[in-house]
Structures are given as structure tokens and as C-alpha cells.
Amino acid sequence: MMQNNHSEKSFSKKIRDKGYYIVLLLCLAAVGVSGYLFCKSLADESKSNLNEDSLAVRETVAQTKASQPADAAEENMVQAVIGTQEESTTEAKAVKPTAVSPVSGDVVQTYSVDHLSYNVTTRDWRTHEGVDLQAALGDEVCAAADGTVDAVFSDDFLGQTVVICHENGYVTHYANLAEDVKVAVGDTVHAGDVIGAVGSTALLEVGADPHLHFEVYRNNVSIDPQSFLQ
């Protein structure tokens, strides 16, 4: 009888010991599951945050790209305005004075600095930095525009010459004049004022019919006198 009680106690002890380990295993399993779920939750939250950050970055990039054409267009508009203002300033500076023809005759020799024209005196082809205006010997020559007489001299090839300076960088030359010039250096003249008469002093053009050799410059650059007279 005592042996049976001892056996039952041993069996009960074993059952309790096994139960303890089972409970311990269950606790460990619960801890493992909880840890897994916790880590999974953190991973999901991190992934969600990463996706949100990525979306925010993509939206920022898209907004930047979308704003670039507008910014470029705005910059182009600003540059266009600046360019227009600069062009307006340049045009204002380039406004030519009111001009009249220095003689009433037609053009008998055109302006040609970018191609050669025939010279009847030298019998060759050369450039011609002016126009020859038909006139009779002794015809009055007038100032083409308001200005100041800058020079009066006898050129070796173009004969008696008067140079008048005008506003905005324009300068006019009147050559092949008669010796009796009516103005002097420093004189102020107005468009239509007589400055001399047509002569035959231009050795380079003496073979042509009587005429006035007329040149125009702006900022020391030769331009077509016909555009100045228009």
C-alpha cells in the first residue's frame, strides 16, 4: 500500500515537472509569436513610411519639373523685354536727322561698297563709297541736315570737300565742289543752307558728267546716302 502511494507521488511529480516545461514552452512560443508580430509591425510601418517619403520625393520632383517650363518661359519673357528695351535704346540713338537732298539731280552713280562698279575716269572696276548726284557746274550745294561744319579741305582724289557733323553720329561729305566754298570750320548750318557749288575738282571722277559726290557715315562707318535722304 505504501509502495502504491509512493508510485502515485512520483507519477504526480513527473506530471508537474512536465507541465512546467510545457507551460514554459508555451510561454516561449507566445513570446516568439509576439516578437514576430512586433517586428512585422515595425517592418510594415517602416515600409509605409518609406513609400510615403518616396511618394513625397516623386511629387516634389514632378512639381519642380512642372515649374521649370514656367520659369524658363518667365526668364525668356524677361530677356525679351530687356532685348526690346535695348533695341529701342539703340534705335533711339540711331534716329537720323531730317535730311534733304544737297542737289536736285538724280543719282547717276550708285553706292557700292560690297561690289565693284565701273569708273569711267579710271576705266576700271572699284568700290564707290557714296552716290554721284547729277548737277550742272555752278549749281548750289546745300547742307543735307542741321549740323556743324567739321572740315573744309581739298582731297587728292575727290577734290574740294566739305564735312558736316550731325546728331546721332551722322557725318556727311560733299565732294567735287568748286573752289569757292561758302562755309568754314565751326559754322552751324541748317538743312538747305548753301555750303558751296558743284565744280570739277575730283580727279578720280573728272571723266564723268558734272555731279556732286555725296557720302554719308554713321559712327565712322560708311552707309548708303540714299537711305539717309529717305
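The values are calculated or read from the model by the stated rules, or taken from the named source; none is laboratory data. Quantities reported herein were computed from a predicted structural model and do not represent experimental measurements. Positions of Cβ are backbone-derived with ideal geometry, glycine not excepted, and every protein chain shown enters the neighbour counts. Keep in mind that these areas ignore ligands, DNA and RNA; they rest on the heavy atoms of the full protein, side chains included. Shrake-Rupley method; radii C 1.70, N 1.55, O 1.52, S 1.80 Å.
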>> Using square roots of five times the C-alpha gyration tensor eigenvalues, list the equivalent-ellipsoid semi-axes of the range 101-158 in whole Å, biggest first.
In response: 23, 15, 13
> What is the distance, in nm, between label points placed 7 Å from the Cα along the Cα-to-Cβ direction at Val206 and at Ser104?
Replying inline: 3.0 nm
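Between Ala136 and Val113, what is the FRET efficiency for a Förster distance of 25 Å, r being their Cβ-Cβ separation, to the nearest 0.05?
Rounded to the nearest 0.05, the efficiency is 0.35.
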>> Please give me the summed charge of the neighbours of Val108: other residues whose Cβ is under 9 Å from its Cβ, Lys and Arg +1, Asp and Glu -1.
In response: -3
>> Let me check the size of the range 108-230 from its C-alpha atoms; what are the radius of gyration and Dmax in Å?
In response: 13.5, 39
> In whole percent, how big is the carbon plus sulfur part of the accessible area of the range 94-230, probe 1.4 Å, protein atoms only?
Replying inline: 50 percent
> Full extension from Arg126 to Asn219: what is 0.36 nm times the residue separation minus their Cα-Cα distance, to one decimal in nm?
Replying inline: 31.1 nm
